[in-house]
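> A single structure is presented below for examination.
The values are calculated or read from the model by the stated rules, or taken from the named source; none is laboratory data. Given the structure is predicted, the values throughout are model-derived calculations rather than measurements. With ideal geometry, Cβ positions are generated from the backbone for all residues, glycine too; neighbour counts draw on all protein chains shown.
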Amino acid sequence: MRVSRSFLPVLKESPSDAQVVSHKLMLRAGLIRQTAAGIYAWLPIGFRVLKKIEQIVREEQDRAGAQEMLMPTIQSADLWRESGRYDAYGPEMLRIRDRHDREMLYGPTNEEMLTAIVRDDMKSYRDLPRTLYHIQWKFRDEVRPRFGVMRGREFLMKDAYSFDLDEAGARNSYYTQLLAYLRTFQRMGIQAVPMKAASGPIGGDLSHEFIVLAPTGESEVFYDAAFEEVDWQQSALNYGDEIGLAQLFEQVSSTYSATDETHDEQRWATIPEDRRRTGRGIEVGHIFYFGALYSKSMGLKVSGPDGQMIEPMMGSYGVGVSRLVAAIIEASHDDAGIIWPESVAPWKVGLVTMRADDAPTTDAAEQLYGQLQAAGVETLYDDREERGGVKLGSMDLIGLPWQLVIGPRGIANGMVELKRRSTGEREELSVESALARLTS
Ligand code: P5A
């Protein structure tokens, strides 16, 4: 993409209404704009990151055997009366009336809706187990929306729902999502630690939240460094391996991690000091097992092998997709701006010309841009007639993993500069080797 044709509004000053660094950087680098309290438009850069995160979540859900679908944002109040949550949910629910005066709502979550959808078609034990998910906007009328998309009112969530014949099956589905989450967050370049949690308004008795360390997090957290030591992508654990998944759950449960609500000073003291990690944390995911809670209240039943009726055991599994954009920035930035992990970066390379009025410089840049594009390398090309220093400043702010800088002096000798954003390391190399490096 050419910057000269882009809508990439970059702000020099930190906006005064933003309190946390991710919100400041998201406004300054032109990722989002607020359109109403707690409601944001996603500008091109922000949108690209959101889609990258969404895609990682999707690939890991698919790999774990969940199947994607799409449910509407608007729901009928009657659905929620069936489960009894219509009144219980309180003022966080945005309630709407249509022209026929029917009560509707903007969905804060979809347990009721999906249970109602499947109950007409899941009839037999052969229809189980199933896990379905969608990636859809939610609305929660938070008392205090704050920190930008971190706690918005409208936000994007991946929510999955599992249906099983019995508790053992349901636990296996829960463990499957646990592993999928460990893999998902690690692919995004962040350390998310599962912690036992209370179920709150979703209900149920088994629940974990996934917490990313960041100084501006809402709760204080404690965990054993063992969580940082496993490569979940490389782990040979297979989704069909029920025993392995149960062992994973045991391992996660026996490794210390806690929020301030569940923290146990006595157990904490038994962990060697150099393995204790503490800080503030941001919840980027939350998984729940709640048995037959919704099957029972909403009349979901299937016939078992010998004709008896069975209420499926369910779980639900959420990832805060839009919140993750902010959480990743909280975990990965410096004074100059954002540092995107490569897997979620809006583009891989920022191509910068230092002198737009120097023909050999722009010719070389145009040619490189064409070659990078032909090789499928996502490139943002700053072709503006701006001072080189200004362009480099906005590249640092936007935070692409690589900057390829072309100036008159270097290009006269066929040389360009390649900078790695995360370390600041710069290297002079020939045009050919720069290209080879970025396309490899
Ligand atoms: C699980 C899936 C649920 O709603 N029902 C369907 C369950 N869980 S949850 O914990 O309430 O939400 C899941 C994740 O969504 C993110 N999230 C938010 N993100 C931005 N702004 C908000 N106001 C907000 N509320 C929740 C969190 O990442 C949470 O873990």
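> Return yes when A180 is under 15 Å from the mean Cα position of the chain (by Cα), within 15 Å of the ligand (Cβ to nearest atom), small (G, A, S) and in a strand (DSSP E or B) and no when it is not.
In short, no.
> Looking only at region 331-343, count every residue that is surrounded by fewer than 24 Cβ atoms within 10 Å (Cβ to Cβ) and not in a strand (DSSP E or B) and tell me the total.
Looking only at that region, the number is 8.
> Now, a different point. For residues that are of a type in the set (G, A, S) and within 24 Å of K158 (Cα to Cα), scanning just region 279-296, find the one that is nearest to the ligand (Cβ to nearest atom).
Filtering region 279-296 for residues that are of a type in the set (G, A, S) and within 24 Å of K158 (Cα to Cα), the one nearest to the ligand (Cβ to nearest atom) comes out as G285.
> Would you mind finding the one in E59, E103, E82, E92 that is surrounded by 12 or more Cβ atoms within 10 Å (Cβ to Cβ) and within 14 Å of the ligand (Cβ to nearest atom)?
The match here is E92.
> Any residue that is surrounded by fewer than 22 Cβ atoms within 10 Å (Cβ to Cβ), of a type outside the set (A, V, I, L, M, F, W, C), closer than 24 Å to K12 by Cβ and at pLDDT 95 or above - is there at least one of those in region 360-382?
Among the residues of region 360-382, not one is surrounded by fewer than 22 Cβ atoms within 10 Å (Cβ to Cβ), of a type outside the set (A, V, I, L, M, F, W, C), closer than 24 Å to K12 by Cβ and at pLDDT 95 or above, which makes the answer no.
> Follow-up. Collect the residues in region 351-404 that are more than 24 Å from A29 (Cβ to Cβ), among the acidic types (D, E) and part of a loop (DSSP other than H, G, I, E, B), keeping them in residue-number order.
Result: D357, D358.
> Right, next: Suppose the filter is assigned to a loop (DSSP other than H, G, I, E, B) and surrounded by fewer than 22 Cβ atoms within 10 Å (Cβ to Cβ); does G169 pass it?
Judged against the criteria, G169 is not a match.
> Further, regarding this structure: Have a look at A116, A64, A29, A36 and point out the one that is crowded, with 16+ Cβ neighbours inside 10 Å and closer than 30 Å to R5 by Cβ.
A29
> Suppose we filter region 302-326 for residues that are away from the ligand (no atom under 15 Å from the Cβ), touching a residue at least 60 places away in the same chain (Cβ under 8 Å) and within 23 Å of G204 (Cβ to Cβ); how many remain?
5
> Pairs under 7 Å by beta carbon, first residue more than 15 Å from L27 (Cβ to Cβ) in region 139-158, partner within 6 Å of the ligand (Cβ to nearest atom) and of a type in the set (D, E), six or more apart or different chains?
Cβ pairs passing all conditions: R151/E142; R153/E142.
> Go through region 220-319 and tell me which helices (runs of 4 or more DSSP H), entirely inside it, have 3 or more residues that are more than 27 Å from the chain's Cα centre (by Cα).
In region 220-319, 265-269, 293-298 are the helices (runs of 4 or more DSSP H) which contain 3 or more residues that are more than 27 Å from the chain's Cα centre (by Cα).
> Kindly establish whether L213 is away from the ligand (no atom under 13 Å from the Cβ) and in contact with a strand residue (DSSP E or B) (Cβ under 6 Å, 6 or more places away or on another chain).
Yes.
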